[in-house]
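For reference, the structure discussed in these notes is given below.
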Amino acid sequence: MNRTAAVLLALLVALMPLAGCISDGVDGNDGAPGETGAQGLPGQDGADGLDGVDGLNGTDGVAGIAGADGADGSNGTDGVDGKTTLIQTFIEYPGEFCVDGGVGLHVGIDDDSDAYLSIDEIDETVYVCNGADGQDGDDGSDGSSGSSGSSGGTAGMMLSDSIRLSKSDGCPAGGRLMAFGLDNGDNGGTAGNGVLESGEIDDQTTYCSDQRVGFVNDARPGTTGSKPVAYQGMRISIEDTLYFAADDGVHGYELWGYNTTTDEMWMVADIRQGAQGSFPGYLLAVQHGTQLFFGAYTDDNGTELWAHDHTTGTTWMAANLGMDQPSPSGSNPGDDIEIMYGDTLYFSAFTQQYATELWAYNTLTQNSWLVQDIHMGSSANPGWYMHFIHNDVLYFTARDVGNVHDLWAHNQSNGTTWKVAAFGTDPNTHPGNYMDHLIGDTLYFDALTPLGRELMAYNLLNHTSWLVADLELGQVGSNPGEHMSLVVGNTLLFDTADDSLWAHDTSNGTTWRVMQHTGTNAGEGTHETVVGNMAFFQAQDSAGGAELWAFDSETGQAFRAADIVPGADGSNPGQNMMVGLSGVVYFDASTHSTGRELWAHDPADGSTWVVADIAYDDPNYTTPDPSSNPARSFWAFHNGCLFFDAYESETGREMWKMCLEHTITYGV
């Protein structure tokens with residue numbers, strides 16, 4: 001580098017800091033654009049802007065065309081049939097409700113479906129009262145003969161009458177005629193006499209019933225039949241289902257049911273697997289609400305307490321009290337006593353530890369317990385002779401260390417158990433051995449006394465006991481009620497050892513011999529029943545064989561109600577059954593032409609007839625007709641029908657039923 005260039009370079013360097021103080025020169029022309037550089041990385045999102053103002057709502061669109069109707073839904077299942085309403089009429093004599101008398105009507109629901117309106121089923125009572133007597137009319141003006149004017153009297157008063165109809169009136173199962181009219185003397189009647197005569201009837205309503213007998217179900221096809229049985233009471237009706245025991249030939253005797261709505265019969269539970277059967281209800285069968293409790297046998301546990309719930313359809317062993325026994329014989333619940341007391345079932349049961357004592361099972365908690373060990377080291381056999389509930393206290397016979405059966409009691413509210421009364425010191429005192437009836441606050445029963453076995457009484461309020469009557473003088477004893485005993489109104493009716501029939505009026509304390517029979521005791525080996533103010537039973541006198549007899553509590557007398565087989569043979573009625581339904585007595589009886597079949601007797605007109613000849617095989621009556629032997633092992637009321645077992649050659653012994661068909665006719 002020469003000197004001049006060096007000086008210039010130095011000068012340039014020295015002047016560079018002063019460049020900003022010197023005015024810019026004229027800008028040169030823009031250069032040509034350079035090439036676009038590569039795109040940079042995206043920047044971060046900016047913050048959201050504020051929401052804009054909502055726009056105005058648009059106008060509604062035009063409605064669309066309606067769609068076609070959907071298909072109809074399927075019909076719901078039929079509801080359960082309602083209970084029958086019953087009406088019972090009676091004459092209302094002048095008094096508090098009808099000053100001049102009239103007709104009363106009891107109205108209520110037939111809760112137990114027996115076609116009879118009992119006292120506890122009456123929901124309402126109404127009265128149709130006679131009108132008051134009209135004022136006496138003015139005396140007529142004196143005529144030439146001086147006759148007096150006619151009296152106003154009761155002419156024109158509305159009257160009503162209720163007449164019981166019987167088989168002779170065309171109503172074999174009973175009926176009722178309700179008649180109404182003015183006491184105006186029409187058609188030959190007497191005006192103003194207060195009696196509704198036939199010619200004065202202006203309107204009437206006739207209620208008439210007839211029997212219809214039919215076969216229920218062939219549960220065991222063939223000529224043997226399922227042989228339905230009731231045992232100690234396995235004939236329980238819950239809603240529309242009747243429960244009983246039957247054998248279909250495959251499972252042995254098990255729990256069965258019959259539904260009156262669907263007409264279906266089925267085995268409810270196969271408790272004991274195999275063909276031997278569990279024999280449900282053999283010792284115990286009671287109902288509580290929609291549940292039934294019964295004894296049943298299994299190979300593992302013997303006979304124990306079982307239960308079935310009608311609503312859920314479940315069946316289970318409710319209590320196993322015999323687990324302490326070396327062999328599965330079971331505790332045999334209910335062998336001496338079975339009774340519902342509130343929500344608790346009280347029953348006798350045998351265990352190795354306590355022998356036979358009183359136990360309890362609560363149906364709500366499903367717990368069971370020993371009520372009390374009354375006879376320590378042995379069996380108290382509670383309720384063997386008597387058991388009942390009075391004033392919310394359970395009474396029962398039991399024996400303690402003295403080995404004498406006395407009267408005991410248990411109060412559920414406080415759990416106490418105590419001896420109420422002793423009726424003797426002899427171990428054979430056995431109060432209630434043949435009969436026991438609670439009438440009001442007094443218990444009537446037989447017991448061994450120093451005068452023999454006679455009729456005793458005990459008042460549960462004042463705790464006094466007394467001998468009612470020494471019917472067999474001396475120390476022999478009359479054994480009252482050994483074959484039959486009934487309560488008809490205030491009268492206690494029973495047989496004695498000398499073939500006599502006795503009666504005791506509990507209202508006045510009188511006792512009398514009604515009659516003395518021949519051959520057999522009244523009611524011996526047969527059944528008896530009460531219909532209205534009359535008792536019906538089998539008896540025999542010197543005039544004929546064993547026939548249907550009746551005792552009228554109003555007259556205190558007995559008489560032959562029907563002579564079905566005249567002569568010495570007799571029809572032997574009531575060997576299997578004798579029950580009342582709607583004022584008519586139904587029973588089994590035997591004749592040459594029908595065999596043993598179902599019969600009926602109407603006390604209102606005294607008519608007696610065979611209801612159905614089920615085993616009808618000989619139309620010419622040349623040989624004794626075979627017998628269906630109805631109700632030999634089973635009968636029950638259910639939904640207004642009488643169910644019973646009967647034999648027929650093609651189906652064997654199966655379930656049959658007799659239902660009442662009712663008709664109502666209006667007008668004269």
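In summary, the lysines within cross-link reach of K167, defined as a Cα separation below 21 angstrom excluding same-chain residues under 8 places away, comprise K657. Reported to the nearest whole Å, the Cα centre-to-centre distance from the stretch 468-532 to the stretch 389-415 is 27. Above 22 Å, the calculated P(r) of the stretch 512-668 contains 44 percent of its Cα-Cα pairs. With one equal scatterer per alpha carbon and no solvent term, the Debye-computed log10 I(q)/I(0) for the stretch 226-298 at 0.12, 0.20 1/Å reads -0.27, -0.77. Restricting the calculation to Cα atoms, the stretch 395-448 shows an Rg/Rh of 0.99 when the hydrodynamic-style radius is the Kirkwood one.
Each 10 Å bin, from zero up to the one with the longest distance, holds this percent of the alpha carbon pairs of the stretch 460-522: 21, 50, 25, 4, 0. Per residue, the accessible area of the stretch 254-320 comes to 39 Å², computed with a 1.4 Å probe over protein heavy atoms only.
In plain terms, the C-alpha convex hull of the stretch 194-270 casts an average shadow of 9.9 nm² when viewed from every direction. Would you work out the relative contact order for the stretch 217-292, in percent, from Cα pairs under 8 angstrom that are 6 or more residues apart? Relative contact order comes out at 29 percent.
Share of Cα-Cα pairs in the stretch 460-566 beyond 17 Å, in percent? Every Cα pair in the stretch 460-566 considered, those over 17 Å come to 52 percent. The P(r) of the stretch 305-431 has a tail past 20 Å containing 44 percent of all C-alpha pairs.
The values are calculated or read from the model by the stated rules, or taken from the named source; none is laboratory data. The shown structure was predicted, so the numbers you read here are calculated from the model rather than taken from an experiment. Quick note on the areas: whole protein, heavy atoms, side chains included, nothing else; ligands and nucleic acids left out. Shrake-Rupley method; radii C 1.70, N 1.55, O 1.52, S 1.80 Å.
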